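Down below is the structure, laid out as structure tokens.
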Amino acid sequence: MSDSIQGRLDLARWHSHVVIGLLAIQAVLLAWSAAVHSPTIDEPAHLVAGVLAWESGRFDFYRVNPPLVRMIGAMPVVLSAPETSWGLVGRDLPGERFEWSEGSHFLRRNAPLSHWYLVWARWAVIPLVAVGGYVCYQWAKELYGTPAGLVALTLWCFCPNILGHGALMTSDAGAAAMGVLAAYAFWRWLEIPSRRHLSWAGATLGAALLTKLTWAILLPLWIVIGIANEIAYRRSCPTREPKGSLGRLGGVLLILGTGVVVLNVGYGFSHTLQRLDEFRFVSESFGNAGNVARLHNRPESTSFQFAAGNRFASSWVGAVRIPLPRDYLIGLDQQRFDFESAGLTSYLRGRHRHGGWWYWYAYALAIKVPVGMWCLGALALFWIRRRSGGAGWRGDVLVLLPAMAVVALASSQTGFTNHLRYILPAFPFAFVWMSQTVSTARGPIERATVATAIGWTVLSSLSVYPHSLSYFNEVIGGPKHGARHLLDSNVDWGQDLYLLKAWTQQHPEAHPLYVECFSAIPPLEIGVDAFPPLPGPTIEGRVHSQETHLGSNWPQTGWHAISMSRLFSQAGEFAAFHNLTPIDRIGYSINVYRISDDDSRRMRREYGLHERATEKETIHHASSNK
């Protein structure tokens, strides 16, 4: 064997070791984060929905997300035979979301094993995240060279948004992984239209459809790309036979058909081919039921009953049998209702409102994505003319189009904009595209610039770990200031309650302790011995009737642990704490304050309140409400 061949083999072996090492590092980071964080708001509902699907073959819970990721996560839980009760299953009430209450009941019913159930479920999803990383590497390698592949993999492995959501059993990171896999497989079929590549493209498309409803956009997108590819091929080969065109376009249809079949397999062909006029919808788009208007106009003291309708029932379209699982289509309807400003509140830069902003995702990306990544994106755009060739441009288009489609689709749904995770499926495509900078850089200065941007990304992300869910970049001063810009899953999703418990054990002097957290489980259920704090004056200065009725005990002297979503809530009942300096932080989602008698008197004077009740009365009230 010649020295050159041996050298290439050694280099390939070294590259494979780097790939394995990066994926292993990410897996360890994800596993540790999964073990130390408490259940986020959505996870109990995902978990109970996955367990239900395995035990009964039903998909009644959490229809707004397809079942693949949660079923993978629920596998080790189901094998341990948890205690379950499905009393609400089968109650076909349009618009109702029983998974929230059932998720909380499931955790209580299976305590104290519920913590490990969730950890096992999170760990089970980590291999899915690894698949996404390997695809980023392989696709970038084939498009731009092996160094680019390693860069794309590095960005995937250390992106704080991937680390934050990849450590959860929600569908967002899994959808990102399966989406980029489906796009890569489709690109491979376009490059080499063999039967094997066609089958693989169809199967991976189905897998992507089973992770998130967002990927339904791939069905029309693949048709558009297939037609555009065929037109380009016709122009380059004008003498080819007409039936060749039918064969390629027919291949696209076969891929789509295979994907739909795989989607139905994932749902066990549950109620497939049901007539469209047999569905009951709640959204304005499908049902025309007037739920959004009635929801906004109802008196605050009244409950809300969903009206069901079907705008297709009176037309010929109603007779069409839908080749999709019933729960998949109902999930599309429910998600459509959620995005129609159905009573959901969006938040941006200290402002709450019904409905969202068209630029919300652009703003969130600007402050939630590491500055180093933004530098790589700018360099890739600036140096794009250095690359040429039809195949290269075709690859760029297929890399960028799905990402642009996801962001455009999410940005167009201005009824509700509150979660950057909704566009997480676009991230791996951006990583692949940005990786070309390492191949197009010329000279030592440009290469050093690329290396600095990559290093900045990694260090910035690791400086926040394991609190990656709360990551914000240096433009706004890091995660300590994140809640003034975004809330909910972007900073405080209930993930730090276990860390709060550890903090209380390390600080026995923190008594009395008052806790107000945005969490999936009450603090008392995990052993946090604390009282609920009284709500204070609102942002407008109004005093809550509860506070007035209870003898003006606000604010209680002692220690207060308040999470960001409560601190910046719409009502503003904890706005008085905005001007206080926390004495400690739990992760970046919970602030700890210490209120002395002097602080209490000063805060009451600022709001024009009378002198507070005695400390004895305050403790008595807190104990009675514990």
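General observations
- Counting DSSP beta bridges with both ends in the chain, the antiparallel % (nearest 5): 75 percent
- Accessible area of the chain divided out per residue, in Å², using a probe of 1.4 angstrom: 42 Å²
- Applying 1/(1 + (r/R0)^6) with R0 = 22 Å to the Cβ-Cβ distance of Val28 and Trp116 gives a FRET efficiency near 0.75.
- On the principal axes of its alpha carbon atoms, the chain extends 92, 68, 45 Å, with the longest extent given first.
- Protection proxy ranking for 185-194, 117-126, 310-319, using the average of other Cβ atoms within 10 Å per residue and placing the highest first: 117-126, 185-194, 310-319.
- With a simple spin-label model that places each label point 7 Å from the Cα along the Cα-to-Cβ direction, the separation between Arg349 and Val224 comes to 3.0 nm.
- Per-residue packing, averaged as other Cβ atoms within 10 Å, sorts the ranges 63-69, 530-536, 455-461 into the order 63-69, 530-536, 455-461, beginning with the highest.
- Full-extension gain in nm, Val36 to Arg58, via 0.36 nm per residue minus C-alpha separation: 4.8 nm
- Heavy-atom accessible surface of the stretch 38-189: percent carbon and sulfur, 1.4 Å: 61 percent
- Accessible area of the stretch 374-461 belonging to carbon and sulfur atoms, whole % at 1.4 Å probe: 72 percent
- Amide hydrogen proximity for Thr272: with H placed 1.01 Å from N in the peptide plane, the residues at 5 or more positions away or on another chain lying under 5 Å are Arg326.
- Taking packing as the residue-averaged number of other Cβ atoms within 10 angstrom, the listed peptides 516-529, 169-182 run from highest to lowest as 169-182, 516-529.
- Mean separation of Cα contacts under 8 Å (6+ apart) over length of the chain, as relative contact order %: 14 percent
- Degrees separating the helix 99-109 axis from the principal Cα axis of the chain, which is the longest one: 70 degrees
- Long-range Cα-Cα pairs in the stretch 321-448 (distance over 22 Å), rounded percent: 51 percent
- Estimated from the Cβ-Cβ distance and a Förster radius of 60 angstrom, the FRET efficiency linking Glu96 and Ala12 is about 0.60.
- Cα-based Lys proximity count in the chain, under 29 Å, for pairs eight or more positions apart or on separate chains: 9
The values are calculated or read from the model by the stated rules, or taken from the named source; none is laboratory data. Predicted model, so just to flag it, every value in this text is computed and none were measured. As a convention, Cβ positions derive from the backbone with ideal geometry for all residues, glycine included, and neighbour counts pool all protein chains shown. Surface areas here come from the heavy atoms of the whole protein model, side chains and all, with no ligands, DNA or RNA. Shrake-Rupley method; radii C 1.70, N 1.55, O 1.52, S 1.80 Å.
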